[in-house]
Amino acid sequence: EHPLISAHAPTPSLQSLPTELVQRVIAIVEAASRSLQPPRVAANLHGSFSELYGTLGKHKQKHVIQESYIIENMRSFGLLDVEPVQIGARTILRSPIYLEVGAGTAGLSRHLQLAILSSQRESRGSTANQEGEREGEEGRKDVITRHVLLDRLHFRSRRQRDYLLKQAGGSVVRLHKDMAVMSAQDLDQFMVELRQVGSTDCGLSEVSESRTESTRDHLVCFSKHFCGEATDLALNWLASIHRERGYELSLSVCMATCCHSLCQWESYVNRDFMTSLGIDSAEKFVVLAKLSNWATLDLTGTDTTSDPAVDMNQDRTRRKQLGILCKQLLDHGRIKFLQASVGLDGLVEYIQYCESERTPENCLILATNLAMTNC
């Protein structure tokens, strides 16, 4: 191994690595890319966007547009579907359990809740118009969304979004924990807390008692930009959940990946896949991760003599393409891991969810076994 690289040491800059090593990894990436399936482009706003955020200024719309693209892709996979459950005269429409990893102030979870509520309003309006329905108080339908918000940091403004989620009918549990130390016991903990919160706020204890053994909760793990190795830690956790609690849950994943340069060899979920390509050491993996930074290159910029690519005759356009391929290779390894180790070998897609002009970090991994468990 290169003397600057060890399993747990801070990764070196690309400039400090031998040019021959960088060229070797570039050759591996170019060879592997010939059989690489590019992401499917699916950049469509969720139908609720104009209602919810249409009046925002252009600058403020930047992130909510990206969120809306993600939510629309989740909808297309059935991840926004609610299930009806009966409590006396009331019909509760209950969402899956949404586990947002790297939740921060829960902006994405709040947007998701608003999109679900908007869709249900539209659906009820359509039904009422067609059938002349007017639900009285006894026959009203409540929509209950369920949220687990995970982040290792405390955010000063988190309480505002948590409050809004609850006010709109959400059962909310917030966990302050590092993904690296999550276990199946943490799942048990937040499931218990979620039921307690639901029982207190929404009267859902009756629902849990009436559930049959064949009915399984649907856990959706999702994120927007859970950086670098954090995504791998989350996928590893899901693999442990599949092994230990898979019989209790239907699992789905929607991860918008980013910051691939922060991926680590020791925590990456599919080293076997990388080894099969020729990336068979921490030394080469570091180069692959660092090369992924090229995906964000500004093509209007200029090179400096300190840039290692100047000596390798790589122009900025080609480097940007190589950076994108590096990201895709890392994500394809993750997809194969989901299929093999998380039981998500049914519906799995790699999707470019928004235009590269909006963000170069524009791909997500969508996977579910919901269709298989419901058939």
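Annotations
- When residues of the range 218-258 are limited to those that are open to solvent by 10 Å² or more (accessible area, probe 1.4 Å) and in contact with a Lys or Arg (Cβ under 9 Å, 6 or more places away or on another chain), the one farthest from GLY107 (Cα to Cα): TYR247
- Just one of the listed residues (ARG319, ARG334) is of a type in the set (Lys, Arg), modelled with pLDDT of 95 or more and open to solvent by less than 10 Å² (accessible area, probe 1.4 Å), and it is ARG334.
- Filter pass, SER157 being hydroxyl-bearing (Ser, Thr, Tyr) and modelled with pLDDT of 95 or more: no
- Count of residues meeting criterion [open to solvent by less than 10 Å² (accessible area, probe 1.4 Å), polar (S, T, N, Q) and more than 28 Å from PHE226 (Cβ to Cβ)] in the range 79-127: 0
- Taking the criterion of being in contact (Cβ under 8 Å) with a residue 60 or more places away in the chain, among the hydrophobic types (A, V, I, L, M, F, W, C) and not in a helix (DSSP H, G or I), the residues of the range 20-71 that qualify are LEU36, VAL41, ALA42, ALA43.
- Matching residues, the range 27-57, being among the charged types (D, E, K, R) and open to solvent by less than 70 Å² (accessible area, probe 1.4 Å): GLU30
The values are calculated or read from the model by the stated rules, or taken from the named source; none is laboratory data. Since this is a predicted model, take the numbers as computed values, not measurements. With ideal geometry, Cβ positions are generated from the backbone for all residues, glycine too; neighbour counts draw on all protein chains shown. What goes into the accessible areas is simple: the full protein's heavy atoms, side chains included, and nothing from ligands, DNA or RNA. Shrake-Rupley method; radii C 1.70, N 1.55, O 1.52, S 1.80 Å.
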